[in-house]
1. Any residue at all in segment 180-190 that is at pLDDT 95 or above, surrounded by fewer than 21 Cβ atoms within 10 Å (Cβ to Cβ), of a type in the set (S, T, N, Q) and out of contact with any helix residue (DSSP H, G or I) (no Cβ under 6 Å at 6 or more places or on another chain)?
2. Determine whether Ser233 is under 19 Å from Gly289 (Cβ atoms), of a type in the set (Gly, Ala, Ser) and buried (at least 18 other Cβ atoms within 10 Å of the Cβ).
3. When you go through (1) closer than 21 Å to Asp296 by Cβ; (2) part of a loop (DSSP other than H, G, I, E, B) one by one for Gln193, which number turns out not to apply?
4. From the list Arg257, Arg328, pick out the single residue that is more than 26 Å from Gly199 (Cβ to Cβ) and of a type in the set (Lys, Arg).
5. State all residues of segment 172-186 that are charged (D, E, K, R) and closer than 19 Å to Lys150 by Cα; if no residue qualifies, say none.
6. Could you count how many residues in segment 280-322 are farther than 24 Å from Ile84 by Cβ and of a type in the set (A, V, I, L, M)?
7. From Leu194, Leu251, Leu243, Leu221, grab the single residue that is of a type in the set (A, V, I, L, M) and either closer than 18 Å to Pro124 by Cβ or under 16 Å from the mean Cα position of the chain (by Cα) (or both).
8. Residue by residue through segment 134-179, note down the ones that are among the polar types (S, T, N, Q) and either buried (at least 17 other Cβ atoms within 10 Å of the Cβ) or in contact with an Asp or Glu (Cβ under 9 Å, 6 or more places away or on another chain) (or both).
Amino acid sequence: MEQRRKVVLTGATGFVGGSVARALAGQGVELHALKRPTSNLKRVGDLPIQWHVGDITDPASLRQLFDDADWVIHAAGQLGQAGITEQTYWQQNAQGTHNVLATIAESGSSPRVVCISSGGVLGPISKTDKDALPDETWPLAPSNGYERSKAGAELIATSFARQGLPVMIVRPEFVYGPGDLHVLGLFQAIQKQLFFYVGNGHNTCHPTYIDDTVHGLLCCLREGRPGQIYQISGPRPVTFRELARTIAAELGVPPPRLALPRPLVSAGAAGAEIVLPRLGRTPLLSRTGVAFFSEDRRSSFARAEGELGYKPQVDLAQGVAAAVAWYREQGLLPPRPQITAVSAA
């Protein structure tokens, strides 16, 4: 009989980490997770998790957490959002990764470790590569503070892998689905018919449903090669027009039509980033957000498919329908409009 695996998870209270925790709990592993004293456990409070109080920015609080671990998933970190300083991103994402891996190395254990990175470390695709599907051989080219911190975390993880720690890096692309609050604002803006295209709306993103993301991460834990990077993305990249129209159709509202030039929107976002924080408010659209909606980002999952057996199963329409259903259940979006039949007199 196979020995029960001890699995340690950082970031279990987040969207991706919590989804990984739920999947692992269903597989009967001995699941340990890190939490801060102020962590909200609502997402995973029903799971059989042995909790450890600590913080990835405090190395002393991580001692003994990884002792005798078989698997480690490092999902903790700071997501990209308006108002976060470059120093905070670096402390959480890069230095936090160093602290986790250094503690594992010092523990004497040699678990298989997956560090969750981001497809954003490759930066936007240049106009000269407009038809390319970037793979793991592309050079790092981060374009903002969040991406730079994740690129730094990758270099740290690669360094530990060269020293013999069995570390693998996974780069999910634009993860969405039930449980996510990070892109809720996009759905709400389309619901309220406030969303507009930055530029012509034909730039691409690469939506990846949460279940596909978790499947790819677990495939990497089992089959991945130490020191290797694996990109996990959805079935295909889509334009922002297709994304917005798909969301609008599921919400039962007209698709967005307004398109504004990037320089105008970027100037407005810059002003909002200066003024609104002084009023105690967070800008709805940052300059980083403007860049996201007006640049091309996508990635190839060919290596993960070939080496791990990863294959995304959920297309955009299915994933958006599931996300909208969850948002409505949580009261985050209004119910679907009821169409009342009117009989002829």
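The values are calculated or read from the model by the stated rules, or taken from the named source; none is laboratory data. A quick note: this is a predicted structure, and the numbers were derived from the prediction, not measured. So basically every Cβ, Gly included, is an ideal-geometry build from the backbone, and we count neighbours across all protein chains shown.
1. Looking through segment 180-190, at least one residue is at pLDDT 95 or above, surrounded by fewer than 21 Cβ atoms within 10 Å (Cβ to Cβ), of a type in the set (S, T, N, Q) and out of contact with any helix residue (DSSP H, G or I) (no Cβ under 6 Å at 6 or more places or on another chain).
2. No.
3. (1)
4. Details: Arg257 fails: more than 26 Å from Gly199 (Cβ to Cβ).
Criteria check complete, one pass: Arg328.
5. Pass one, segment 172-186, residues charged (D, E, K, R): 173, 180.
Within segment 172-186, just Glu173 meets the criteria.
6. Qualifying residue count, segment 280-322: 9.
7. Details: Leu194 fails: either closer than 18 Å to Pro124 by Cβ or under 16 Å from the mean Cα position of the chain (by Cα) (or both); Leu251 fails: either closer than 18 Å to Pro124 by Cβ or under 16 Å from the mean Cα position of the chain (by Cα) (or both); Leu221 fails: either closer than 18 Å to Pro124 by Cβ or under 16 Å from the mean Cα position of the chain (by Cα) (or both).
It is Leu243.
8. As a first pass, look at segment 134-179 and keep what is among the polar types (S, T, N, Q): 137, 143-144, 149, 158-159, 163.
Ser143, Asn144, Ser149, listed by residue number.
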